[in-house]
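Below is one structure; the comments refer to it alone.
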Amino acid sequence: MNYDVAVIGGGPGGYVAAIRAAHLGAKVLLIEQDKLGGVCLNKGCIPTKTLLKSAEKWRELQSIGEFGLAASEIGFDYSLVTGRMHLVVDQMQQGILQLIKSNNIVVKFGAAQLVGVDQIKVNSDAEEEQYMAQKIILATGSTPLGLPVVGSDLDGVINSDQLLGLNYVPRSMVVIGGGAVGIELAAIFQAFGCNVTVIEMQSELLPNVDREIVKRMAPILRKQGIEILTNTKVAGIKYSGAALVLEVSIEGNVQQIEAEKVLVSIGRVPVVDDLGLEKVGVKYSRKGIIVNNRLETAVPGIYAIGDVTGQFMWAHAASAAGLVAAENAMGGDRLVDYTAVPGCIYTTPEVAMVGLTEEQARNSGCKIKISKFNFAANGKAVSMGETIGLVKIIADKADGHILGMHIIGAHASDLIMEGALAIQNKLTAKDISNTIHPHPSLSETIMECAHGINGDIIHQAKKRSSLA
């Protein structure tokens, strides 16, 4: 059967690309090996944020006395917590299925392989079929990176996918990897009573986050009860009775750490194997499929988006790329724009960022101004009992254009959009500070911070912005 556009991979990049191509009049085939929604919906973004919400509510219940309230016999049933998680995922999956159906997109489940520049073979349990497509979009995503040490294949050494499959809270867990995923899962399971230790090989957690934000975040995690070991390497894992024992080197000193579970969260790698890329001439490296700024591969008519390209492994970046690739596949000439891709880490409090970090801005040679505003001086944050946090804005000293925004605090993932809009549209700090923000709201923290770039912050004791 012939199609105008075939999309391989039904994650947040793939199904969005399929829908956009259908909007533009294409006859679309969407091929998915597992479940629609990809890692984000089934094993990542949505299930973890659902667990996080339960963890947040559990924390709130434990501190309810601070709000003049009282409750007795509070508790939780983790099997019910995960039950709700599955209900949320199922609901979202049904929503995607309805979208696919309403756009007359044909869905085939199975493993896809390119057998020609316009031919795809799909193997399922039932049969092998071949399809023709004028344009092909590769959106096969990524998979967790394995740990290359002895004992990494033992029972109890798991990845994030397997951790989300547990219907109980382990007594103890070591998280190997202090990136966004590892930190989020560490915070969730610690909230439910798991004794968590995070091991990070580098000198600090969250290597791609502004260093000042990290320095503020690490003590918060430790205060919540998470043990953090940096400059630490795992040499091996073994059993000692029923427990897993990790042999680690902390700045040259060898120690042993016991845990019921070991979560390996050291990153993800693009899924490029067994796709037939070599056969048709699609070029790729260990970092992913190589694409141009139109998201086209080395083979005209074949595009790649999302994690499989190794660029910005965020679901929202994949969805944005899906729109660009679909439009170009249908005759457009749109360039992908990664100028302002926000990143969010859903700890408590949240961390969010967009644009340049302070280190990147300084290394670029640009003269900058930096302003900060604390949540503790914001009326809404105080009333919510969420005073831990700050907004940090980095601007060009010459003209005030926003170069970067970094937030740690409640609802940071929502607030960061003001920074993304500012950077995407080349707005200045004055554009933000001259815009009336609602009161009381957390958004006022951004307005106040922007005031600091241009002069003095209103609701903060007089203090000059740092200059560079």
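Over the chain, Cα pairs under 8 Å with separation of 6+ residues give a relative contact order of 14 percent. Between Glu251 and Leu99, the contour length at 0.36 nm per residue exceeds the alpha carbon distance by 49.5 nm.
Amide H to amide H distances under 5 Å link Gly151 with Ile237, where only residues 5 or more positions off or on other chains count and H is placed in the peptide plane.
About the Cα centre, and with charges only on the beta carbon of Lys, Arg (+1) and Asp, Glu (-1), how big is the dipole of the chain? Nearest 20 debye, please.
1080 debye
Under the simplified labelling scheme, the Lys35-Glu129 pair shows an inter-label distance of 2.2 nm, with each label point 7 Å from Cα along Cα→Cβ.
Scaling the Cα radius of gyration of the range 387-449 by the globular reference 2.2 N^0.38 Å produces a ratio of 1.04.
Please compute the net charge surrounding Ala325, taking Lys and Arg as +1 and Asp and Glu as -1 over other residues with Cβ under 10 Å from its Cβ.
+2
Measuring between their Cα centroids, the range 395-465 and the range 86-140 lie 43 Å from each other. Taking only alpha carbon atoms, the chain gives an Rg to Rh ratio of 0.99, where Rh is the Kirkwood radius. Each listed q (0.16, 0.22 Å⁻¹) maps to a log10 I(q)/I(0) for the range 168-226 from the Debye sum over equal C-alpha point scatterers, namely -0.45, -0.82. Spin-label pair Met201-Asp274: with each label point 7 Å from Cα along the Cα-Cβ axis, the two points sit 2.7 nm from one another. For the range 324-468, pairs of C-alpha atoms spaced more than 21 angstrom apart make up 43 percent of the total.
Would you list Val351, Val341 from fewest to most Cβ contacts within 10 Å? Present the calculation step by step, with values, prior to reporting the outcome.
Values: Val351 28, Val341 18.
In order of increasing Cβ crowding within 10 Å: Val341, Val351.
For Lys238, the aspartates and glutamates whose Cα comes closer than 13 Å to its Cα, not counting residues fewer than 8 places off in the same chain, are Asp153, Asp155, Glu247, Glu258, Glu260.
Which of rounded, prolate, oblate describes the range 45-86, given a ≥ b ≥ c as roots of the alpha-carbon gyration tensor eigenvalues and a/c under 1.5 marking rounded, otherwise prolate only if a/b is larger than b/c? Cα axes put the range 45-86 in the oblate bin. Membrane-span-like helices in the chain, defined here as complete DSSP H runs extending at least 24 Å along the helix axis by their C-alpha atoms with mean Kyte-Doolittle hydropathy no lower than -1.0, are 45-62, 78-102; this is a sequence and geometry rule, not a statement about a membrane. Where both residues lie in the chain, what percent of DSSP beta bridges are antiparallel, nearest 5? So the antiparallel bridges in the chain amount to around 65 percent. Suppose a student asked you for the relative contact order of the range 343-467, using Cα pairs under 8 Å spaced at least 6 residues apart; what percent would you report? It comes to 29 percent, rounded to a whole number. With θ taken as phi - 60° and the Karplus curve 6.51 cos²θ - 1.76 cosθ + 1.60 applied, the whole-hertz 3J(HN,Hα) list for the range 429-435 is 4, 5, 4, 6, 5, 7, 8 Hz, x standing for glycine and proline. Computed from backbone phi with θ = phi - 60° and the Karplus coefficients 6.51, -1.76 and 1.60, the 3J(HN,Hα) list for the range 365-382 is x, 6, 7, 10, 10, 10, 10, 9, 9, 8, 4, 4, 9, 9, x, 5, 4, 5 Hz; x is used for glycine and proline.
The stretch between His439 and Leu24 holds 145.2 nm of extra length on full extension. This uses 0.36 nm per residue minus the Cα-Cα distance.
Estimated purely from DSSP H runs of n ≥ 4, each contributing -39500 (n - 2.57), the mean residue ellipticity at 222 nm for the chain is -9500 deg cm²/dmol once divided by its residues. Of the Cα atoms belonging to the range 90-204, the radius of gyration and Dmax stand at 20.2, 54 Å.
Using the Cα gyration tensor of the range 157-266, with a ≥ b ≥ c the square roots of its eigenvalues, what is the shape: rounded (a/c below 1.5), prolate (a/b larger than b/c) or oblate (neither)? It comes out oblate by the Cα gyration axes. Cross-link partners for Lys426 among the lysines, with Cα-Cα distance under 30 Å and sequence neighbours closer than 8 places in the same chain left out: Lys215, Lys367, Lys369, Lys372, Lys380, Lys392, Lys397, Lys462, Lys463.
Please report the relative contact order for the range 81-238, taking Cα pairs under 8 Å with a sequence separation of at least 6, and give it as a percent rounded to a whole number.
Value for the range 81-238: 16 percent.
A short reminder: the numbers here are calculations on the coordinates, not readings from a lab. Treat the numbers as computed from the prediction; the structure is a model and nothing was measured. Note that each Cβ is placed from the backbone with ideal geometry, even for glycine, and that neighbours are counted across all protein chains shown.
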